[in-house]
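Asks: Attaching a single structure in structure tokens format; questions to follow.
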């Protein structure tokens, strides 16, 4: 496998995987899933939030075929559109792009419709980042502290380096306040755990109106 053009790296630790993949010109790895997913975008990288909650994020993909047991499944037409956008961004010189995943369009009507869902405090947290994007059309700056996401925190540059600990106390903002309010408690799980895709128990993909 090793040659001047291909280098066998072996295992990469979770904390260095994201940087490693972002700097890679190409990746070659075996995938042994029998499902006919067609185009696939691998998302099996636990971010700081996932790790703070002890999650692996393993075997999570964005794919077509409109059915899955835990991945982000969509129609073949939709995954083709995502693939084309990603391809053109890389051809244009972009090195990476941010992936944002929501349970539905974060409209007031949809939030009201699902208001009794135990994941609602988590979804309200995600909505902060979604609102930033909808207003600015720019990727929000994402940090993690106190085991939750923080979007566009205004932390002084002099203290920003190393100031965000995924399980530590959130730092002070430039105004002197903490960078976020406490996350409301509920009896349900915070968010949904990522699950591995398998040939059995596949659920059809649906779209949320609004």
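Just so it is clear, none of the values below were taken in a lab; they were calculated from the coordinates. As the structure is a computational prediction, the values presented were derived from the model and not from experiment. Neighbour counts run over all protein chains shown; Cβ positions are idealised from the backbone, glycine included.
Asks: For residue 41, put the label point 7 Å out on the Cα→Cβ axis and report which residues of segment 54-74 keep their amide N under 16 Å from it.
Replies: Counting only backbone N, you get 60-66, 71-74.
Asks: Also: Subtract the Cα-Cα distance of residue 120 and residue 102 from 0.36 nm times their separation in residues, and report this length gain in nm to one decimal. Don't jump to the answer; show the numbers that get you there.
Replies: Details: separation 18, 0.36 × 18 = 6.48 nm, distance 1.17 nm.
This chain segment gains 5.3 nm when fully extended.
Asks: Next up: So for segment 113-154, what are the equivalent ellipsoid semi-axes in whole Å, largest first, each being the square root of 5 times an eigenvalue of the Cα gyration tensor?
Replies: Values: eigenvalues 82, 44, 5 Å².
Listed largest to smallest, the semi-axes of segment 113-154 are 20, 15, 5 Å.
Asks: Expressed in nm to one decimal, what extension gain is obtained for the pair residue 138 and residue 13 from 0.36 nm per residue of sequence separation less their Cα-Cα distance? Working shown, then result.
Replies: Values: separation 125, 0.36 × 125 = 45.00 nm, distance 2.98 nm.
Length difference between fully extended and current span is 42.0 nm.
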